[in-house]
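Chemist: I am attaching a structure below and will ask some questions about it afterwards.
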Amino acid sequence: MSDLKYRLKVMVMMMAIVSWRCVLGLENINPIFFDEGLSHLFGESNLIRSPDDRSVRLLLDKYTGSGFISSSMYQHGFFSSLIKLPGANTAGLVVAFYTSNGDVFVKNHDELDIEFLGNVEGKPWRFQTNMYGNGSTSRGREERYRLWFDPSKEFHRYSILWNPTKIIFWVDDVPIREIKRKEEMKGDYPQKPMSLYATIWDASSWATSGGKFGVDYTFSPFVSEFKDIALDGCNVSESLTTVTRDNYNNINCSASDQLLMTSDYSTISPKQAAAMRRFRERYMYYSYCYDTVRYAVPPPECVILTAEKDRFRDTGRLKFGGSHTKVHRARKRRRRNRSTPVVSAEL
């Protein structure tokens, strides 16, 4: 290849990367080196860091899973990573990317979850988001979804925004769930400093079809990959040697909170709002807000949409044969006939 052709090729590639980053609003995301803000959690032999320290592989085998944790705790923050999941038969697996403070606030912990649930070979991964506040584990606020892509084929960015007024879960440039803080939520809205976690582990008892299918270790090791990990927020560990139940309120996070509340990833544009609506119409198959068996009165943060509610049973699960199923099948047929990939923001 001539020098000119090579330079042109590199230029085109760089333009594509810049364009991609701008579309996703990633120009303000600052990935860290592993040593800058992360540390080993468990399964040390199954945690493999890349030579450049920008990425890490978490493995599950018949002996152990693995995980990492942020070196600091954050009072609000934006937590993000490019993640690639294991392929083949992943039944019984859970890959989790989440924030928690359960090691400090044992009886009243907060938590924000993105949990990927493995499946039998030939069937897609599913995933769920959840929120706990002040130890409200009996009041789980989970939603479950399908994806519009195969998360084991390539990396996709998954992000959690948590600021004083809202929580947003992102998949690439699509906000899939927004929780706006309401006074009626009281302690159910996460308010205490949390650490970031990433783990892979055996959840055979519940992850796939309620525990019907467990992990088949003939397919092990199962490998999940994380790279370009970002941690932005009020790092309370810079001011407190040890975070305790009594001293975290002494930290002033107003400047950091202001940045989190005005950042690109804290604002949902009209185009992104439309993408979120389409995602929830086509790929959400369980919502606690419509689960009247568990909650006769929906929790205060729920926004009940008639068009959305009509697709769900009283258990919060999707009605069989509803418009969601028909749209999903029709969309799969269209995708098979396309020669170019679907742009995620368009869903």
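Chemist: Considering only residues that are part of a strand (DSSP E or B) and either out of contact with any Ser or Thr (no Cβ under 7 Å at 6 or more places or on another chain) or closer than 16 Å to residue 77 by Cα (or both), which ones fall in segment 158-175? Steps first, please.
Modeler: Residues of segment 158-175 that are part of a strand (DSSP E or B), as a first pass: 158-162, 166-171, 174-175.
If the condition is that a residue be part of a strand (DSSP E or B) and either out of contact with any Ser or Thr (no Cβ under 7 Å at 6 or more places or on another chain) or closer than 16 Å to residue 77 by Cα (or both), then 158, 159, 160, 161, 162, 166, 167, 168, 169, 170, 171, 175 are the ones that fit.
Chemist: Next up: If you scan segment 93-108, which residues turn out to be in contact with a strand residue (DSSP E or B) (Cβ under 6 Å, 6 or more places away or on another chain) and either part of a loop (DSSP other than H, G, I, E, B) or free of Cβ contacts under 8 Å to residues at least 24 places away in the same chain (or both)?
Modeler: 101
Chemist: Can I ask one more? Examine segment 303-311 for a residue that is of a type in the set (Gly, Ala, Ser) and either in a loop (DSSP other than H, G, I, E, B) or loosely packed, with under 12 Cβ neighbours inside 10 Å (or both), and state whether such a residue exists.
Modeler: yes
Chemist: State whether the residues of segment 53-62 include one that is buried (at least 17 other Cβ atoms within 10 Å of the Cβ) and out of contact with any Phe, Trp or Tyr (no Cβ under 9 Å at 6 or more places or on another chain).
Modeler: Taking every residue of segment 53-62 in turn, none turns out to be buried (at least 17 other Cβ atoms within 10 Å of the Cβ) and out of contact with any Phe, Trp or Tyr (no Cβ under 9 Å at 6 or more places or on another chain).
Chemist: Collect the residues in segment 237-285 that are closer than 24 Å to residue 149 by Cα and basic (Lys, Arg), keeping them in residue-number order.
Modeler: Answer for segment 237-285, where residues must be closer than 24 Å to residue 149 by Cα and basic (Lys, Arg): 271, 277, 278, 280, 282.
Chemist: If the Cβ limit is 7 Å and pairs must be 6+ apart or interchain, which residue in segment 283-308 that is farther than 19 Å from residue 167 by Cβ pairs with which residue that is open to solvent by 10 Å² or more (accessible area, probe 1.4 Å) and of a type in the set (Asp, Glu)?
Modeler: That search, which allows pairs on different chains as well, returns 292/314; 293/314.
Chemist: Can you report the number of residues in segment 206-217 which are within 17 Å of residue 64 (Cβ to Cβ) and either touching a Pro at 6+ places or on another chain (Cβ under 9 Å) or hydroxyl-bearing (Ser, Thr, Tyr) (or both)?
Modeler: Going through segment 206-217 one residue at a time, the tally reaches 1.
Chemist: Determine whether segment 66-86 contains at least one residue that is open to solvent by 40 Å² or more (accessible area, probe 1.4 Å), in contact with an Asp or Glu (Cβ under 6 Å, 6 or more places away or on another chain) and at pLDDT 95 or above.
Modeler: Checked against the condition, which is being open to solvent by 40 Å² or more (accessible area, probe 1.4 Å), in contact with an Asp or Glu (Cβ under 6 Å, 6 or more places away or on another chain) and at pLDDT 95 or above, segment 66-86 yields at least one hit.
Chemist: Of the residues in segment 99-122, how many are open to solvent by 10 Å² or more (accessible area, probe 1.4 Å), modelled with pLDDT of 95 or more, farther than 24 Å from residue 247 by Cβ and not polar (S, T, N, Q)?
Modeler: 2
Chemist: Can residue 317 be described as touching a strand residue (DSSP E or B) at 6+ places or on another chain (Cβ under 7 Å) and open to solvent by 60 Å² or more (accessible area, probe 1.4 Å)?
Modeler: Answer is yes for this residue.
Chemist: Given (1) modelled with pLDDT under 90; (2) open to solvent by 30 Å² or more (accessible area, probe 1.4 Å); (3) within 20 Å of the chain's Cα centre (by Cα), identify the lone condition not met by residue 278.
Modeler: For residue 278, the failing item is (1).
Chemist: Right, next: Take segment 109-149 and flag every residue that is of a type in the set (Phe, Trp, Tyr) and part of a strand (DSSP E or B).
Modeler: The answer is 116, 127, 132, 145.
Chemist: For segment 126-169, what are the residues that are open to solvent by less than 40 Å² (accessible area, probe 1.4 Å) and among the polar types (S, T, N, Q)?
Modeler: Correct list: 128, 129, 130, 136, 152, 159, 163.
Chemist: Here is a check on your reading of the model: is residue 48 surrounded by 12 or more Cβ atoms within 10 Å (Cβ to Cβ) and either modelled with pLDDT of 95 or more or not in a loop (DSSP other than H, G, I, E, B) (or both)?
Modeler: The answer is yes for residue 48.
Chemist: If you scan segment 186-241, which residues turn out to be outside any loop (DSSP other than H, G, I, E, B) and aliphatic (A, V, I, L, M)?
Modeler: 194, 196, 198, 200, 223, 229, 230, 231, 236
The values are calculated or read from the model by the stated rules, or taken from the named source; none is laboratory data. The shown structure was predicted, so the numbers you read here are calculated from the model rather than taken from an experiment. Don't worry about glycine lacking a Cβ; one is built from the backbone with ideal geometry, like all the others, and counts go over all protein chains shown. Only protein heavy atoms, including side chains, enter the accessible area calculation; ligands, DNA and RNA are left aside. Shrake-Rupley method; radii C 1.70, N 1.55, O 1.52, S 1.80 Å.
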